[in-house]
1. Sum up the charges of everything whose Cβ sits under 11 Å from the Cβ of Ala39, counting Lys and Arg as +1 and Asp and Glu as -1, but leave Ala39 out.
2. Give me Rg over Rh for segment 9-69, both radii from the alpha carbons and Rh done the Kirkwood way, two decimal places.
3. Using amide H atoms built 1.01 Å from N in the peptide plane, name the residues 5+ places from Leu239, or on other chains, whose amide H lies under 5 Å from its own.
4. Just going by the charge dipole of segment 9-69, with Lys and Arg at +1 and Asp and Glu at -1 on Cβ, which of Tyr30, Asn52, Gly12 is farthest out on the positive end?
5. Could you let me know the centre-to-centre spacing of segment 1-79 and segment 176-233, using Cα atoms, in angstrom?
Amino acid sequence: MTKKAPDYHFCGQALSAAECQLIQGLTRQYGRLSRHVLAQTICELLGWQRPNGNLKAAECRILLEQMQDEGWIHLPALRAGRPRGRRTSTSAMPVPLSEMPTALAALQPIQLQRVETPAQRQLWRDLIAQHHYLGHKVPFGAHLRYLIQGTPHPDALHSPGVLGCLQFSSPAWRMRARDAWIGWDDATRAKRLQQVICNSRFLILPQVQVKNLASHVLALALRTVTRDWEAVYGLRPYLVETLVDPVRFTGHCYRAANWIDVGLTTGRGRQDRQHALHDAHPKRIFLYPLTPNAQQKLRQST
């Protein structure tokens, strides 16, 4: 007797029994493939693509690992990755505390360097791992990362170097307060969710004590990521969200940058489908419309 598949969702859409059976069959047939190649194969067969045609392999791999955790499929063992090396350039490293300006004007114009090279990726990971309370994790789905850099004035003795890090990534599938603010039902959310992005990491390095820097960077980042996201993923975002832990932070920089506080989460994460995180505390949800009439545009069903 064939085992009935549990209820699975991919990017907000419920998987059919036929899709679950197809995935189960492919993992059996191609068990020698790497998990990444297996996810790409499934995306190609099921047409799981972004608007620009790229495959949703990262999201698919998370789904496959969830299916394995629940005993529905068996995946090949993880393959050893490359050893992590420090390939950063000293010119890009954070400036020492003794050389850090304290006025925003001394750092202008602030620049956001999109993370693209191996050295930039290594530096970004190291800074987040060392200084951000959530640490470095592979983000869910689509994402863009930036290094925040100051510009030295002609009379400055040293380059300001890297001031911090930013990451924008795919949004939460479901958040009651956000969905209520937009006016989403389940069907419309499934169609429009890709036009919401999440500011999932924001770090100003601890030695950087510059008044109004965080809110200034946020305003610059929203202009930058709106353009870059459309160029990279072929879809213009209408809204950006972020979660702030009220136990650790007040969210002052988001308020100062005119983000909208819409309430609290339930305290469950993206992977907490079984309500296992009983001790997780709620996060405060901030939203920022990236286009006029963002709510109306996100409620359109076609």
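1. Net local charge, Ala39 excluded: 0.
2. Expressed as Rg/Rh, it is 0.93.
3. Here the answer is Ile197, Leu290, since their amide H atoms fall under 5 Å of that of Leu239.
4. Most positive-ward Cα: Tyr30.
5. So the two Cα centres are separated by 28 Å.
Read-outs throughout are calculated quantities, based only on the coordinates presented, and are distinct from any laboratory measurement. Fair warning: this is a prediction, and the values are worked out from it, not measured in the lab. Cβ coordinates were reconstructed from backbone atoms using ideal geometry, including for glycine residues, and neighbour counts include every protein chain displayed.
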